[in-house]
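Worksheet: one structure, shown below.
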Amino acid sequence: MFFIQLPESVEQAFADRGVPAGAIRYTAKADVSKENQYQEIYLALTDRALCILWGHEKFVEQRKRETVIEYRCADYRSIPLEDIRDIVIDRLYTASSFLVRTGEEEIPVCRLSISLTGLFEKFKDRALALRDGRPIDDSGLKDEHRCCPKCKRPYPNQERRICPNCLSARASFFRLLKEYLSFKKEAVLIFVMIFLSSALTLIVPLFSSQMFYDQVLTPPGPDGTGRFYGMLLQMVLVIFAIKLASTVFSSAYGIIVSRICTRVIHNLRVKIFSSMQRLSVSFFASKATGTLMTRIDDDADWLYWFFVDLVPMYIVSGLTVAGLILIMSTISLPLTLLILVSAVLVGWMVVLAEKRLKQLQRRQHRAIRSMKSTVTDSLGGQKVVKSFAREQQEIHRFSGKNQSYFQSRINISYYNAGRFPLIRMIYRISQILVMGLGAVFAIRGEITLGGLTALLAYSDMTVNCFEYFINAANPVARAMDAASRMYEILDTEPSVIERENPVRMGRMKGDIAVRNISFEYEVGRPVIKGVSFEVRAGQMIGLVGRTGAGKSTIINLISRLYDVTEGEITIDGVNIRDIAIADLRRNIGVVTQETYLFMGTIADNIRYARPDAGMEEVVAAAKAAFAHDFILRFPEGYDTIVGNGGVQLSGGEKQRLSIARAILQNPSILILDEATAAMDTQTERNIQAAIEKLRAGKTIISIAHRLSTLRDADVLAVIDDGRLCESGTHRELLERRGVYFNLHRIQLDSLKFINQE
């Protein structure tokens, strides 16, 4: 059974209608009815019928002092597959409709959110395949987990296994605490110091207020007062020693906490960056650079201050409040109960405030993330901005994003200004009541003057603790929001996953077989449709077609930057899903039209494919790629700094460095995606000559719009609209007078026109 796990009540509901769980092959769930109302709708597909439960709900009733639970369905229908003429998913702007057409009617089954459209597309394909008796390939579904294993709800984004329902602030806090407690010895030492510091802070008012007034300043009496009458200097020295010890302990745990937290945040940053490195290309295609930088930088800083300032002070304040209540109850129980009631009320209001603040902080983060992404985008594209004189447009765009960020901060400020003065007023009123009632009790003789003074001092300390909890609500909410985002990254699974026991391959021969592969970037809209071809080791295949036909997607699939939706790709007879990713990538060299150079020297950029390569090998690779001459023109030669902040190279120079990088890698399979598009004709011919020398023992897959560069390929595969429409040699394809012939004729006509000019 694929797609979703049916609840037991739903399985029973289908079984009661003659559809046992063993007969169900595929399942799906929607929660919006055709009338656009909330309703749980379950679909079950068997070999013979499509079964639908509308409005599956739980009812709880009391019958004769017993609680009876029933599950009811508003409607049920079973549609034989042979009666289904077609199934249509009508895509709208924010939702889609799932329609079943029979020979007599059109049945609106449900409406779908965009995130569920992909699942229902696959459900639809399998329903039609079962109807037609076509074979179904479920190999691509074996690693899919479409629902959260904890709450059983579908993931909002099927490409990311993150459940927002289970990712709570509490869960994030305990995960952070686990990181913190990994330093066990230091954590125990910190707790001991916090405890001692808090205990010393609590006993200070006993000496400075109660004992000072009742035992030092009061003459000896029959009630036990005045036992230390006149010992002012000794009492002052005791109070000073207690405060000094408390300060020493506070400073010590502050230093240790800072050291631990720095290491914890360092480890978290490394974990986040490592997690990003293991994620697939599809993850980065949907994320802006500014967004990811915020996760590593700003969010980590918030967590640092959370552990350095907030957690220790929360512990101190919590222990202090507990100690205060215990001590105050020994002085006056009624006044302590009054303070305790106000403490519970204030604590409850702070918890509610933190929940709301977390929502506001999440909105603020989205705003600042969008603003930073706009800045990164604009600064990275300054050449385009200047070329089209769009400076004012960029200013306007940034101003809009900045306004959103400004408004989000204003909303938080308004909330703080409106909610927290009310909370402060509650405990201020309780403090005034304590003072008034305490004075009455003192007049009646129910409490001593020293006891009342100590109680008021403790009341002030309680107020300070409350004040800290209130002031910390906003930073805590922001830190927990940052933690949730960081754990989203840590918990995200790559879409391209290596097998548990992958096949290890050293040097590959290079036999490639592409068998009936299909692929879609956006679920339900295939880009590659049933493509098949084979390349023997040492051969060169050219992929030809119009822009957007799917050529680059095919090489991305062969490199396993993405996984095919259907079909399989094998190298040397082994499915690439089964090959260790490191071995696969080591044996495949890729040179694309868009070359990226890292910040560093030219030699380091060439050596990126093989960090252990010697300088002689680097120079040899550069010469083979016809890059040696232009490199030596720089004063620093191979030590010239390129990339961001370095020497700016032309497109052709970058491509030659990329080719040198691939040559140094010496892969079994070399992929050239418009690798010579930015070069002049003479350099392109030189590179083609170099590639001819490299062909010995290598399989080459080349993409080029200039068909003349692929004339010597062993085979040409013509891709049109994601399908393989023709294949053969240059001469064979011209003789067929098909798609390739038309592309060739168009290019010849273009060259004739240029020559006439």
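The values are calculated or read from the model by the stated rules, or taken from the named source; none is laboratory data. Note that the structure is a prediction, hence the values are computed from the model and not measured. Here Cβ is always computed from backbone atoms with ideal geometry, including for glycine, and neighbour counts include all displayed protein chains. Note: accessible area is taken over every heavy atom of the protein model, side chains too, but ligands, DNA and RNA are not part of it. Shrake-Rupley method; radii C 1.70, N 1.55, O 1.52, S 1.80 Å.
Structural remarks
- Solvent-accessible area of residue 302, all protein chains in place: 80 Å² (probe radius 1.4 Å, heavy atoms, ligands and nucleic acids excluded).
- Neighbourhood net charge (15 Å Cβ-Cβ; Lys/Arg +1, Asp/Glu -1) for residue 417: +4
- Potential lengthening between residue 247 and residue 741 on full extension [0.36 nm per residue; Cα-Cα distance subtracted]: 169.2 nm
- The simple Förster model, with R0 at 22 Å and r as the Cβ-Cβ distance, assigns residue 36 and residue 74 a FRET efficiency of 0.90.
- Once the Cα-Cα distance is subtracted from the 0.36 nm per residue extended length, the residue 195 to residue 177 segment shows a gain of 4.6 nm.
- Cross-link check: pairs 124/358; 34/358; 122/178; 243/358; 185/372; 185/271 evaluated at a Cα-Cα cut-off of 30 Å; pairs beyond the cut-off: 124/358; 34/358; 122/178; 243/358; 185/372.
- Sparse-neighbour loop sites [trypsin sites (Lys or Arg not before Pro); segment 578-656; at most 13 other C-beta within 10 Å; DSSP]: 633
- Shape call, segment 327-422: gyration tensor on alpha carbons, a/c limit 1.5: prolate
- Per residue, in Å², the accessible surface of segment 360-499 once ligands and nucleic acids are set aside, probe 1.4 Å: 51 Å²
- Stretch gain in nm, segment residue 634-residue 734, where the contour uses 0.36 nm per residue and the Cα spacing is subtracted: 31.4 nm
- Sum of side-chain charges, residue 593 neighbourhood, beta-carbon under 9 Å (Lys, Arg +1; Asp, Glu -1): -3
- Here the spin labels are modelled as points 7 Å beyond Cα on the Cα-Cβ line, and at residue 277 and residue 12 they lie 5.1 nm apart.
- Summary of the geometry: segment 625-664 and segment 99-130, compared by the centres of their Cα atoms, lie 54 Å apart.
- Theoretical FRET efficiency, 1/(1+(r/R0)^6), r = Cβ-Cβ of residue 240 and residue 435, R0 30 Å, to 0.05: 0.60
- Solvent-accessible area, 1.4 Å probe, carbon plus sulfur percent, for segment 378-474: 63 percent
- Accessible surface ranking that places the most exposed of 106, 8, 726 first, with a 1.4 angstrom probe: 8, 106, 726
- Heavy atoms of residue 122: accessible area, 1.4 Å probe, square angstrom to 10: 30 Å²
- DSSP beta bridges in segment 492-595 [antiparallel fraction, %, rounded to 5]: 95 percent
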